[in-house]
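Visitor: First, the structure itself, so that you have it in front of you.
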Amino acid sequence: MATQWGEGYVTDLEYTAGYYRELNPSLLRFACLHAGIQPPPAGPLNYLELGFGQGLSLNIHAAACPGTYWGTDFNPAHTARAAQFTDPQDASIRLLNDSFSELQARSDLPDFDVIALHGVWSWISDANRRAIVDIARRKLKVGGILSVSYNCDPGWAALQPLRHLIYLHTQMGTAPAGGLAASVDQALAFSSKLEKAGALYFRNNPQVGPFLQAISAMDRKYLVHEYLGEDWQPMAFSQVVEWFAPARVEFAASANLLDQVENLMLNPAGRQLVAEAGNRVLRETMRDYLVHQRFRRDIFVKGLRPLSAVDRLEQLDRQLIVLKSLPSQVPSKIAGPFFEASLQADVYGLLVEALASDGHAPKTIADLRARGAGRNVSASHVVEGVAMLVGMGHAVAAEPATAESRRRCAALNRALCERARRGDEFPCLASPVAGTGIEVSRLQQCFLLSLANGATDAVAVARDVWAMLSALGQGVVKDGKGLEGAEANLAELEKQVAAFQSERLPLLQSLGVSLA
C-alpha cells in the first residue's frame with residue numbers, strides 16, 4: 001500500500017482534491033474569538049499546512065487570504081499537482097516535498113502564526129507525530145494557532161475491528177490486476193459477505209453495517225488515505241493533549257462552530273454534567289462520550305489568553321461576515337445529536353436579510369448588532385446566530401478583499417476551470433470577498449470558463465461545454481443516467497446553463513468569484 005519511501009503511508013494512490021474550510025485562517029481566528037480566546041492578529045499571516053494532499057485548500061487560502069503560505073506533502077505527485085496552480089516566482093506560497101523529519105531539519109522556516117493539519121495526525125507513525133510536535137514547539141509563534149483534526153474515540157471504538165478486517169484483507173487477500181483500488185473492492189465485498197453470514201460482530205454492533213455501506217460508496221482514493229494506512233490510529237482527546245504538551249500549546253476551541261453551541265449539541269442532562277466538570281480535558285472527553293464523537297477539529301494556542309467579555313465583543317464587532325449561500329438555501333431547522341432545533345425566525349431572518357443586502361457585501365458583527373438592536377434582538381443572539389450560520393457553512397468569517405487577492409483568486413480560478421475542461425475534479429473556486437473556497441461543480445466551472453472566453457448566451461455556452469465533454473468521451477448525467485446523443489446533451493446543457501445564469505452566477509459574482 002506504500003512504496004518503500006512511504007514510511008507506512010499510502011503512496012500508491014493520490015488523495016482526493018477536497019477543500020477543507022476548517023483550515024481557513026479566518027475561520028480559525030473567529031472560532032477562537034467566539035470561544036473567548038485571543039487569536040493571532042488579523043492581517044497577513046505566516047501559515048504552514050502539513051500534508052496538503054492535492055493542495056486545493058492551501059492554494060485557495062494563499063490566493064484569498066493575506067499572508068505567506070507554506071506547505072509540505074510527502075507524496076511527490078501531490079506536490080506536483082498543487083504546484084500546477086502556482087507561479088514559481090510568487091513568494092507568497094512555498095510548496096515543499098519534504099517529509100516531516102526533513103521539514104523539522106530545515107533552517108529556512110519562518111515562525112508561523114498558524115500551523116494546520118487535516119486528518120494527517122491519524123495516518124502517520126509516532127516518529128512523524130514527534131516531528132510535528134517539535135515543529136510546533138520551535139516554529140509556532142507565541143499566541144499562534146495549531147489546528148489539528150483527527151479520528152477519535154469513543155466514536156471509532158466499535159468500528160475499528162471493521163477497519164482492521166478491511167486493511168488485513170487488502171494485505172493478505174488475492175492481489176487483483178487492478179491494483180490497490182481493486183484490492184479494496186475485494187476487501188469490502190468480503191466484509192459484506194461476513195455480515196450476511198450472520199457474524200455476531202455485526203449483530204452486536206448495529207452501527208457497523210450502515211458504516212460498511214457508507215464507506216463502500218466512497219471514492220476509493222479517499223477511503224484508502226482516510227482509513228487504510230499502515231499506522232492508522234484514532235485517539236482520545238486526552239491522548240492528543242498529552243502528545244502536544246511538549247509544544248506548550250493548550251486546547252482553545254473546536255474549529256467546528258456548531259460544537260461550541262451547547263444548546264444544540266448537548267441535551268439538558270449532558271450540559272449539566274459538563275458544567276460540573278472542573279477540568280477542561282475531562283469536560284471535552286465528556287462531550288465526546290455524550291455525542292459519540294468520531295472526528296475532532298481541535299484548535300490549540302501557544303500562550304492561551306482568555307478574553308474578557310468586553311474585549312471579546314469589541315474584537316467580534318470588527319469581524320467581517322459574508323453570506324455565501326442564497327437566502328432560500330438557509331434552512332429553518334438544524335439537526336443536533338439529540339434533537340432537531342428550529343432556528344428562531346426573528347434572529348436568523350434578520351441576519352440572513354442583512355447579510356444578503358447590498359449584493360452580499362461583507363458586514364461587520366457591529367453592523368449586524370445595530371440592525372438587531374432596532375428589532376429588539378440582543379447582542380448575544382446576534383453573535384450566536386452568526387456562529388450558527390458559519391457552523392452550518394452558509395456564512396463565513398472574512399478579511400477585507402484587496403486588489404491583489406482579487407487578482408490571485410481570478411488567476412487560480414481560471415487555472416482550476418481549465419483543469420475542469422480537461423476532466424479534473426476540483427470542487428471549489430476561490431472567493432476574495434469571502435476569503436474562502438466556494439463550492440462550484442466541475443460542470444459549472446466549465447460554464448464559467450465558456451462565459452469568460454466570450455460566450456454570450458446559454459446556447460453558445462452549451463455548445464462549448466458539449467465540445468469539452470464529448471472530446472473526453474463524456475456526457476451529461478440526468479437522474480443518475482447518462483444522456484445519449486448530442487441533441488439530448490445539448491438540450492439539457494442549455495437548461496442547466498440558463499438556471500446557472502439566473503440563480504448561481506449572480507451569487508458567485510457578488511462573492512468576487514471570477515476568472516479575470
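The values are calculated or read from the model by the stated rules, or taken from the named source; none is laboratory data. Given the structure is predicted, the values throughout are model-derived calculations rather than measurements. In this analysis, Cβ positions are derived from the backbone assuming ideal geometry, glycine residues included, and neighbour counts consider all displayed protein chains. The protein model used for the area step is the full one, side chains on, heavy atoms only, and it has no ligands, DNA or RNA in it. Shrake-Rupley method; radii C 1.70, N 1.55, O 1.52, S 1.80 Å.
Visitor: Looking only at the stretch 181-214, count how many residues are touching a residue at least 40 places away in the same chain (Cβ under 8 Å), open to solvent by less than 30 Å² (accessible area, probe 1.4 Å), farther than 20 Å from G229 by Cβ and of a type in the set (F, W, Y).
Guide: Selection size over the stretch 181-214: 0.
Visitor: Return the residue satisfying two criteria in turn: it lies in the stretch 57-91 and is at pLDDT 95 or above and aliphatic (A, V, I, L, M), and of such residues it is surrounded by the most Cβ atoms within 10 Å (Cβ to Cβ).
Guide: The selected residue is I60.
Visitor: OK, next. Cβ-Cβ below 7 Å, separation at least six or inter-chain, first residue in the stretch 410-421 and under 8 Å from Q445 (Cβ atoms), second among the charged types (D, E, K, R) and in a helix (DSSP H, G or I): which pairs?
Guide: From the stretch 410-421, the pairs are A420/R442.
Visitor: Is it the case, given these coordinates, that E384 is of a type in the set (D, E, K, R), out of contact with any helix residue (DSSP H, G or I) (no Cβ under 7 Å at 6 or more places or on another chain) and open to solvent by 20 Å² or more (accessible area, probe 1.4 Å)? Steps first, please.
Guide: Numbers: of a type in the set (D, E, K, R): yes; out of contact with any helix residue (DSSP H, G or I) (no Cβ under 7 Å at 6 or more places or on another chain): yes; open to solvent by 20 Å² or more (accessible area, probe 1.4 Å): yes.
When the stated conditions are applied, E384 passes them.
Visitor: Need pairs with beta-carbon distance below 7 Å; first residue more than 10 Å from V377 (Cβ to Cβ) and within the stretch 345-357, second open to solvent by 30 Å² or more (accessible area, probe 1.4 Å); sequence gap 6+ or separate chains.
Guide: That search, which allows pairs on different chains as well, returns V352/P327; A354/R371; A356/P327.
Visitor: I would also like to ask the following. Can you pull out the residues in the stretch 453-501 that are within 28 Å of the chain's Cα centre (by Cα) and within 23 Å of S431 (Cα to Cα)?
Guide: The answer is Q496, V497, A499, F500, Q501.
Visitor: Residue check, A411 against (1) part of a loop (DSSP other than H, G, I, E, B); (2) among the aliphatic types (A, V, I, L, M); (3) open to solvent by 50 Å² or more (accessible area, probe 1.4 Å), all met but one. Which one?
Guide: The failed condition is (1).
Visitor: At pLDDT below 95 and of a type in the set (G, A, S): is that true of A182 in this structure? If you could, list the steps in order and put the result at the bottom.
Guide: On the way: at pLDDT below 95: yes; of a type in the set (G, A, S): yes.
In short, yes.
Visitor: Checking the condition more than 28 Å from N75 (Cβ to Cβ) and among the hydroxyl-bearing types (S, T, Y), which residue from S192, S183 passes? Give the steps one after another, and end with the answer.
Guide: On the way: S183 fails: more than 28 Å from N75 (Cβ to Cβ).
Only one candidate qualifies: S192.
Visitor: Considering only the stretch 287-296, I want to know if a residue exists there that is of a type in the set (A, V, I, L, M) and within 19 Å of I145 (Cβ to Cβ). Reasoning before the result, please.
Guide: Within the stretch 287-296, the first condition is being of a type in the set (A, V, I, L, M), and the residues that meet it are 290-291.
Keeping just the survivors that are within 19 Å of I145 (Cβ to Cβ) gives none.
There is no residue in the stretch 287-296 that is of a type in the set (A, V, I, L, M) and within 19 Å of I145 (Cβ to Cβ).
Visitor: Return yes when Q260 is closer than 26 Å to I115 by Cβ, open to solvent by 30 Å² or more (accessible area, probe 1.4 Å) and in contact with a His (Cβ under 7 Å, 6 or more places away or on another chain) and no when it is not.
Guide: On the way: closer than 26 Å to I115 by Cβ: yes; open to solvent by 30 Å² or more (accessible area, probe 1.4 Å): yes; in contact with a His (Cβ under 7 Å, 6 or more places away or on another chain): yes.
Criteria met by Q260.
Visitor: Being modelled with pLDDT under 95, assigned to a helix (DSSP H, G or I) and either more than 30 Å from K363 (Cα to Cα) or open to solvent by 50 Å² or more (accessible area, probe 1.4 Å) (or both): is that true of E418 here? Outline the logic, then answer.
Guide: Numbers: modelled with pLDDT under 95: no; assigned to a helix (DSSP H, G or I): yes; either more than 30 Å from K363 (Cα to Cα) or open to solvent by 50 Å² or more (accessible area, probe 1.4 Å) (or both): yes.
No; evaluated as a whole, the condition is false for this residue.
Visitor: Continuing with this model, one more query. Please verify whether R375 is buried (at least 19 other Cβ atoms within 10 Å of the Cβ), basic (K, R) and on the phi < 0 side of the Ramachandran plot, treating the condition exactly as stated.
Guide: no
Visitor: Only one of (1) free of Cβ contacts under 8 Å to residues at least 12 places away in the same chain; (2) surrounded by 20 or more Cβ atoms within 10 Å (Cβ to Cβ); (3) charged (D, E, K, R) fails for R130. Which number is that?
Guide: For R130, the failing item is (2).
Visitor: From the list I334, I321, exactly one residue is in contact (Cβ under 8 Å) with a residue 60 or more places away in the chain, under 30 Å from A499 (Cβ atoms), surrounded by fewer than 20 Cβ atoms within 10 Å (Cβ to Cβ) and touching a strand residue (DSSP E or B) at 6+ places or on another chain (Cβ under 9 Å). Which is it? Quick ask: steps written out before the conclusion?
Guide: Working: I321 fails: surrounded by fewer than 20 Cβ atoms within 10 Å (Cβ to Cβ).
Exactly one of I334, I321 is in contact (Cβ under 8 Å) with a residue 60 or more places away in the chain, under 30 Å from A499 (Cβ atoms), surrounded by fewer than 20 Cβ atoms within 10 Å (Cβ to Cβ) and touching a strand residue (DSSP E or B) at 6+ places or on another chain (Cβ under 9 Å), namely I334.
Condition check ((1) more than 30 Å from R138 (Cβ to Cβ); (2) in contact with a Ser or Thr (Cβ under 9 Å, 6 or more places away or on another chain)) across all residues:
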{"position": "G179", "(1), (2)": "yes, no"}
{"position": "A182", "(1), (2)": "yes, no"}
{"position": "S191", "(1), (2)": "yes, yes"}
{"position": "L212", "(1), (2)": "yes, yes"}
{"position": "L223", "(1), (2)": "yes, yes"}
{"position": "P234", "(1), (2)": "no, yes"}
{"position": "F244", "(1), (2)": "no, no"}
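Visitor: Follow-up question, since we're still on this one. Given the criteria among the aliphatic types (A, V, I, L, M), in contact with a Gly (Cβ under 9 Å, 6 or more places away or on another chain) and either surrounded by fewer than 23 Cβ atoms within 10 Å (Cβ to Cβ) or in a loop (DSSP other than H, G, I, E, B) (or both), does I115 qualify? Can you show your working first?
Guide: Details: among the aliphatic types (A, V, I, L, M): yes; in contact with a Gly (Cβ under 9 Å, 6 or more places away or on another chain): yes; either surrounded by fewer than 23 Cβ atoms within 10 Å (Cβ to Cβ) or in a loop (DSSP other than H, G, I, E, B) (or both): no.
It is false that I115 is among the aliphatic types (A, V, I, L, M), in contact with a Gly (Cβ under 9 Å, 6 or more places away or on another chain) and either surrounded by fewer than 23 Cβ atoms within 10 Å (Cβ to Cβ) or in a loop (DSSP other than H, G, I, E, B) (or both).
Visitor: Can you tell me which of (1) at pLDDT 95 or above; (2) surrounded by fewer than 14 Cβ atoms within 10 Å (Cβ to Cβ) is the one N279 doesn't meet?
Guide: For N279, the failing item is (1).
Visitor: Considering only residues that are part of a helix (DSSP H, G or I), closer than 21 Å to E418 by Cα and either of a type in the set (G, A, S) or open to solvent by 40 Å² or more (accessible area, probe 1.4 Å) (or both), which ones fall in the stretch 468-497?
Guide: S470, A471, L490, E494, Q496
Visitor: Starting from the stretch 438-453, take each residue that is under 20 Å from G393 (Cβ atoms) and touching a residue at least 24 places away in the same chain (Cβ under 8 Å) and list its partners that are assigned to a helix (DSSP H, G or I) and among the charged types (D, E, K, R), counting only C-beta distances under 7 angstrom and pairs at least six apart or across chains.
Guide: Taking only residues 6 or more apart or on different chains, the pairs are Q444/R504.
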